[in-house]
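Presented below is the structure to which this report refers.
The values are calculated or read from the model by the stated rules, or taken from the named source; none is laboratory data. Source: prediction; values computed, not measured. In this analysis, Cβ positions are derived from the backbone assuming ideal geometry, glycine residues included, and neighbour counts consider all displayed protein chains. Side chains are part of the model used for accessible areas, which takes the heavy atoms of the whole protein and leaves out ligands, DNA and RNA. Shrake-Rupley method; radii C 1.70, N 1.55, O 1.52, S 1.80 Å.
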Amino acid sequence: MQLVINGTATEVAAMTLADLLTELGHIGTVATALNESFVPVGARAGQTLSPGDRIEILAPMQGG
Amino acid sequence: MPDTPTATAKPFYGTVLSHPLMLGTAQYPSPAILAEAFRASGAGVATVSLRREGAGGAGQTFWAMIRDLEVAVLPNTAGCHSAKEAITTAQMAREVFETDWIKLEVIGNTDTLQPDVFELVEATRILTGEGFKVFPYCTEDLVVAEKLLAAGAEVLMPWGAPIGTGLGLNNPYGLRTLRARFPDIPMVVDAGIGLPSHAAAAMEIGYDAVLLNTAVAKAGDPVAMAVAMARATEAGALAQAADPMEARDMAAASTPVIGQAFLS
């Protein structure tokens, strides 16, 4: 199905948020949001995805 | 001879900072220079952020480096323009950085990057209700400060000048007023510091810490400037504790007049 991941339309096979991170190859520390709401790490496996969902995957970055 | 103070006199949400210099981590020429700036200055806090990234990006390396510095970490919500956006970012930052501390930024104007204080107060109320320890980036407005404290903030971070300008303390009167009105609240001058003299001035009027980034990262020698900023905050804190003299308009001779020769 097609999702919008970090602002880019992307075709994926994963049906849950946890599987999506695995499919994308994320192994480090990231935080996730689905349709502008935070999804904690413990809820990713149970978070099913629907076509058109907007996913944000954020990683640590320099800041002021 | 008094010890040069480094630890903050007031605790921030129960934590005494090892040094009153709170240093940003962005815009350095290299990660190595960033790390050396922290080590050489002894800065007590590192501010960090969250951004979009693909798998295997530089964020994980950066985060490992910051953890190795063994300083307190203060994640920010930089770039957020609404309470909702800032709240979600704070929730994500808490999980990634494993801290309840959040430097709450809700930007209201793209030219001045000044905070939207209405959204800021609302976000503070919600986040403190969720157990966050909020460090609100605010203006020096006294009434806004009162509302932030009423919303649950236990720290205030008024700006000195707009972010990245290096203009120093634009409104010393307003900053002094806040300090006088809230003598027991830990307060930080955040943003606008361009020179060590600005940092010292903030500490001299009783602020507990300063938060800066660009002034160090964009200096020709960031490591030397970080050290200069650290020493300036120490000097300012020492001066504040030493009870500075009152300024006056007319001259007052410091050399004794008694016993002066009559030579005219």
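Quick notes on this structure:
- By the compact-protein rule of thumb, 2.2 N^0.38 Å, the alpha-carbon radius of gyration of chain A corresponds to a ratio of 1.06.
- Between A:S50 and A:S37, the contour length at 0.36 nm per residue exceeds the Cα-Cα span by 3.2 nm.
- B:I33 - accessible surface, heavy atoms, 1.4 Å probe, Å² rounded to 10: 50
- Within the listed set B:Y137, B:Y28, B:Y173, the Gaussian network model of chain B (springs between alpha-carbon atoms below 10 Å) gives the highest mean-square fluctuation for B:Y173.
- Rounded to the nearest 20, the Cβ-based charge dipole of the protein assembly as shown about its Cα centre (Lys and Arg +1, Asp and Glu -1) stands at 300 debye.
- Helix-only CD estimate at 222 nm, as mean residue ellipticity for chain B, using -39500 (n - 2.57) per DSSP H run (n ≥ 4): -12000 deg cm²/dmol
- Of all lysines in the structure, those lying under 26 Å Cα to Cα from B:K10, and not within fewer than 8 positions of it along the same chain, are B:K103, B:K133, B:K147.
- Here the extension length gained between B:S18 and B:L142 equals 41.8 nm, from 0.36 nm per residue of separation less the Cα-Cα distance.
- Shielding of A:5-12 by partner chains, average beta-carbon count, 10 Å: 1
- Amide H contacts of B:D190: B:W159, B:G160, B:L211, each under 5 Å away and 5 or more positions distant or on a separate chain (H built 1.01 Å from N in the peptide plane; Pro and chain starts excluded).
- Principal semi-axes of the equivalent ellipsoid, √(5λ) from the alpha carbon gyration tensor of region B:85-221, are 23, 18, 14 Å from largest down.
- Of the residues B:R248, B:R231, B:R52, the one that moves most in a GNM of chain B with alpha-carbon contacts below 10 Å is B:R248.
- Set of region B:28-51 residues, backbone N closer than 20 Å to the point 7 Å along the Cα-Cβ line of B:A7: B:41-46
- Peptide B:60-72 has a mean shielding of 2, counted as Cβ atoms of other protein chains within 10 Å of each residue's Cβ.
- Our coupling estimate for region B:31-38, obtained by passing each phi through the Karplus curve with A = 6.51, B = -1.76, C = 1.60 and θ = phi - 60°, is x, 5, 5, 4, 4, 5, 4, 5 Hz, Gly and Pro reported as x.
- Gain on full extension, evaluated as 0.36 nm per residue between B:L238 and B:D111 minus their Cα-Cα distance, stands at 42.1 nm.
- Taking label positions 7 Å along the Cα-Cβ direction at both B:A180 and B:M245, the computed distance is 2.2 nm, reported to one decimal.
- Most mobile of B:M229, B:M250, B:M157 in a GNM of chain B (Cα contacts under 10 Å): B:M250
- Accessible area of B:H19 in the full protein assembly, 1.4 Å probe (Å², nearest 10): 10
- The mean count of C-beta atoms from other chains within 10 Å of the C-beta of residues in A:27-40, rounded to a whole number, is 5.
- Normalised contact order of region B:109-173, rounded percent, pairs of Cα under 8 Å and 6 or more residues apart: 32
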